[in-house]
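Participant: Handing you a structure now.
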Amino acid sequence: MTNLHELSVKALSDGLKNKQFSSVELTQHFLDRIAKHDKAINSFITVTPELAIKQAKQADELLANGNAHALTGIPLAHKDIFNTEGVLTTCGSKMLANFVSPYNATIVQKCLDVGLVTLGKTSMDEFAMGSDNESSYFGAVHNPWDLSRVPGGSSGGSAAAVASGFAPIATGSDTGGSIRQPASFCGLTGIKPTYGRISRFGMIAYASSFDQAGTFGKTAEDCAYLLQVMAGYDNKDSTSYNADVPNWVEKLHANRQADKPLQGVKIGVPTEYFGEGLNETVKTQINQALKQYEALGATLVDVSLTKPEITLATYYLLAPAEASSNLSRYDGVRYGYRCENPSDLTDLYTRSRSEGFGAEVQRRILMGTYALSAGYFDAYYVKAQKVRRLISQDFAKAFESCDVIATPTAPTTAYKIGASLTPSEIYMGDVYTIGVNLAGLPAMSLPVGFDDNHLPVGLQLIGNHWQEDKLLNMADAYQQVTDFHQKMATLA
Ligand code: GLN
């Protein structure tokens, strides 16, 4: 079969169970596509063909014995932020360019436990700081819809890999939009669940009170399958949520049987997220998607959220503050890059960090250290924490009058690689996604159209805490009556 990379997770799962193809054949299909096309895309930092085939053989045994999970034998790619035992885990940085992890992140282990097959590790902005994947030490990643453009970031490698048909699903992490924005730029569905839903153990830390893992797939259903495996309490992460994980896949399938699945659902539309800076074509596509939701029985209601500029300033104060603390562990002593011939200890620290970290990471460490320093702590850090609380309260108030909130995922579609944007211009691209992380809410992006350059446009759906089911069902209902999620970029 030549189109295995176009199939949904459900179709792949059925195909494996019905012996239409084996996991080894399926895995080889994706490895062949990577070998043929990833030179042009650069989505993988490390491909693990031997490991993948070994895991695929084990999966085929489980399938033959009738011991298989729904995802047994299905290949996936992991963002290179997740520690993977015996495999290079670089976080897109020179600092960790030679780091082979001695252990698995909880989510990597959970994927292995159900028999998912690891194809490799995908590129990302260095330490997940960025929105276009251009800060990866391993070079820019190309968007398969237009190779001269960025795939978004920081999980740009995972997004480009799924959009290129190199993997049916992939993991990502989202501190301020790093799953939703690349999903939007690459025409995919991506979900970041509620903070605490997925263990952060073994996910390299950027800003710990924001960081959350999630998934990429072509559809909400694909995402639900993988999210189901990744979610759940972990005693190795003190912020992980100790509660049963709902069966999202079952709920989604049940929701399809309902006569009018969206009857009575109220969608909050925040005027603040449709103002200046939003590209006109993106706005038109988003409004069309909202009309489609009305046709499905949902009602639109006006809600008000904190102005995106305020949210942006709060995030870009707090996230770097946490980053400056988290990244202090890379000192050239314990692990990671060490400079040549240090003259003394100070020289060792200074040069290891100056040579090991790229410009954007250094900028964040400096900003964060400044905000946390004795003289500025109250004026900046404490104040931003107070604003963070107000932002959460605005979301809580909005959810009093609606079930989900809909906004554009990003103000623009994918821009050109090397567009020479200033850091603050790049940060502006995160205006619609970061509020969610400040409030710890679940949110997703789904493809709802194309702009004049045939670049995908994403709609963001934001849910109240622990209501991933509503988001997945809403996205699925839309995908039952539209076909944007079925469109794939063609690779030469
Ligand atoms: N673009 C945002 C940043 O650079 C978000 C990144 C992320 O979610 N990891 O901080």
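Participant: Checking Asp146 against (1) open to solvent by 10 Å² or more (accessible area, probe 1.4 Å); (2) in contact with a Cys (Cβ under 9 Å, 6 or more places away or on another chain); (3) under 20 Å from His37 (Cα atoms), which single condition isn't satisfied?
Facilitator: (2)
Participant: Would you mind stating whether Thr90 is among the hydroxyl-bearing types (Ser, Thr, Tyr), within 16 Å of the ligand (Cβ to nearest atom) and at pLDDT 95 or above?
Facilitator: When the stated conditions are applied, Thr90 passes them.
Participant: Okay, moving on. Take Ser23 and tell me if it is open to solvent by less than 80 Å² (accessible area, probe 1.4 Å), under 30 Å from Thr90 (Cβ atoms) and modelled with pLDDT of 95 or more.
Facilitator: Yes; evaluated as a whole, the condition is true for this residue.
Participant: Check Asn67 against each of (1) at pLDDT below 95; (2) under 25 Å from Tyr330 (Cβ atoms) and name the one condition it does not meet.
Facilitator: (2)
Participant: What are the pairs with Cβ atoms under 7 angstrom where one residue, in the stretch 316-343, is within 30 Å of Tyr427 (Cα to Cα) and the other, located anywhere, is part of a loop (DSSP other than H, G, I, E, B) and aromatic (Phe, Trp, Tyr)? Sequence gap at least six, or different chains.
Facilitator: Ala319/Phe210; Ala323/Tyr206; Asn326/Tyr206; Gly336/Phe99; Gly336/Tyr330
Participant: One residue is enough: does the stretch 387-398 have a residue meeting the conditions without any contact (Cβ under 8 Å) to a residue 12 or more places away in the chain and either more than 30 Å from Val269 (Cα to Cα) or touching a helix residue (DSSP H, G or I) at 6+ places or on another chain (Cβ under 7 Å) (or both)?
Facilitator: Within the stretch 387-398 (the criterion being without any contact (Cβ under 8 Å) to a residue 12 or more places away in the chain and either more than 30 Å from Val269 (Cα to Cα) or touching a helix residue (DSSP H, G or I) at 6+ places or on another chain (Cβ under 7 Å) (or both)), the answer is no, since none of the residues qualifies.
Participant: Hey, another quick one. Looking at the stretch 169-187 only, could you name the residues that are in contact with a Gly (Cβ under 7 Å, 6 or more places away or on another chain) and either over 13 Å from Ser123 (Cα atoms) or of a type outside the set (Ser, Thr, Tyr) (or both)?
Facilitator: Result: Ile169, Gly172, Asp174, Ile179, Arg180, Gln181, Pro182, Ala183, Ser184, Phe185, Cys186.
Participant: One residue is enough: does the stretch 317-329 have a residue meeting the conditions at negative phi and exposed (fewer than 14 other Cβ atoms within 10 Å of the Cβ)?
Facilitator: Yes; the residues of the stretch 317-329 include at least one that is at negative phi and exposed (fewer than 14 other Cβ atoms within 10 Å of the Cβ).
Participant: For the stretch 51-104, enumerate the residues that are buried (at least 24 other Cβ atoms within 10 Å of the Cβ) and on the phi > 0 side of the Ramachandran plot.
Facilitator: Answer for the stretch 51-104, where residues must be buried (at least 24 other Cβ atoms within 10 Å of the Cβ) and on the phi > 0 side of the Ramachandran plot: Gly73, Cys91, Gly92.
Participant: From the list Val481, Val436, which one is closer than 19 Å to Gly268 by Cα and either hydrophobic (A, V, I, L, M, F, W, C) or crowded, with 17+ Cβ neighbours inside 10 Å (or both)?
Facilitator: That would be Val436, the only listed residue that is closer than 19 Å to Gly268 by Cα and either hydrophobic (A, V, I, L, M, F, W, C) or crowded, with 17+ Cβ neighbours inside 10 Å (or both).
Participant: Got a sec? Which of Gly418, Gly440, Gly429 is on the phi > 0 side of the Ramachandran plot, within 15 Å of the ligand (Cβ to nearest atom) and out of contact with any helix residue (DSSP H, G or I) (no Cβ under 6 Å at 6 or more places or on another chain)?
Facilitator: Result: Gly440 is the single residue among Gly418, Gly440, Gly429 that is on the phi > 0 side of the Ramachandran plot, within 15 Å of the ligand (Cβ to nearest atom) and out of contact with any helix residue (DSSP H, G or I) (no Cβ under 6 Å at 6 or more places or on another chain).
Participant: Something else: Has the stretch 232-244 got at least one residue that is of a type in the set (Phe, Trp, Tyr), within 20 Å of Ala443 (Cβ to Cβ) and surrounded by 24 or more Cβ atoms within 10 Å (Cβ to Cβ)?
Facilitator: Looking for residues that are of a type in the set (Phe, Trp, Tyr), within 20 Å of Ala443 (Cβ to Cβ) and surrounded by 24 or more Cβ atoms within 10 Å (Cβ to Cβ), one finds none in the stretch 232-244, hence no.
Participant: Continuing with the same structure: Is one or more of the residues making up the stretch 336-354 touching a Gly at 6+ places or on another chain (Cβ under 7 Å), open to solvent by less than 60 Å² (accessible area, probe 1.4 Å) and aliphatic (A, V, I, L, M)?
Facilitator: yes
Participant: State whether the residues of the stretch 318-327 include one that is among the polar types (S, T, N, Q) and not in a helix (DSSP H, G or I).
Facilitator: Looking through the stretch 318-327, none of the residues is among the polar types (S, T, N, Q) and not in a helix (DSSP H, G or I).
Participant: Okay, next question. Please find, within the stretch 469-478, the residue that is nearest to Gln288 (Cα to Cα) out of those that are open to solvent by 10 Å² or more (accessible area, probe 1.4 Å) and among the charged types (D, E, K, R).
Facilitator: Out of the qualifying residues, it is Lys470.
Participant: What number of residues in the stretch 120-134 are in a loop (DSSP other than H, G, I, E, B), more than 9 Å from the ligand (Cβ to nearest atom) and surrounded by 24 or more Cβ atoms within 10 Å (Cβ to Cβ)?
Facilitator: Residues that pass the stated criteria total 2.
Participant: Okay, moving on. Identify the single condition in (1) modelled with pLDDT of 95 or more; (2) over 15 Å from the mean Cα position of the chain (by Cα) that Ala492 does not satisfy, given that it satisfies every other one.
Facilitator: If we test Ala492 against (1) modelled with pLDDT of 95 or more; (2) over 15 Å from the mean Cα position of the chain (by Cα), just (1) comes out false.
Participant: Hey, another quick one. Of (1) within 16 Å of the ligand (Cβ to nearest atom); (2) more than 30 Å from Leu88 (Cβ to Cβ); (3) open to solvent by 40 Å² or more (accessible area, probe 1.4 Å), Leu366 satisfies all except one. Which?
Facilitator: The failed condition is (2).
Participant: Take the stretch 93-119 and flag every residue that is within 21 Å of Ser199 (Cβ to Cβ) and in a loop (DSSP other than H, G, I, E, B).
Facilitator: Matches in the stretch 93-119: Phe99, Ser101, Pro102, Tyr103, Asn104, Ala105, Val114, Gly115, Leu116.
Participant: Now, a different point. What's the total number of residues in the stretch 407-431 that are among the hydroxyl-bearing types (Ser, Thr, Tyr) and open to solvent by less than 10 Å² (accessible area, probe 1.4 Å)?
Facilitator: 2
Participant: What about Lys266, is it basic (Lys, Arg) and without any contact (Cβ under 8 Å) to a residue 60 or more places away in the chain?
Facilitator: Against the criterion (basic (Lys, Arg) and without any contact (Cβ under 8 Å) to a residue 60 or more places away in the chain), Lys266 does not qualify.
Participant: A follow-up question, please. Can you give me the number of residues within the stretch 435-461 that are within 17 Å of the chain's Cα centre (by Cα) and under 14 Å from Ser184 (Cβ atoms)?
Facilitator: 12
Participant: Something else now. Looking at (1) under 29 Å from Arg329 (Cα atoms); (2) open to solvent by 40 Å² or more (accessible area, probe 1.4 Å), find the lone condition where Leu390 falls short.
Facilitator: (1)
The values are calculated or read from the model by the stated rules, or taken from the named source; none is laboratory data. In this text the structure is predicted, and so the values were computed from the model without any measurement. Note that each Cβ is placed from the backbone with ideal geometry, even for glycine, and that neighbours are counted across all protein chains shown. Heads up: the accessible areas ignore ligands, DNA and RNA and are worked out on the full protein's heavy atoms, side chains in. Shrake-Rupley method; radii C 1.70, N 1.55, O 1.52, S 1.80 Å.
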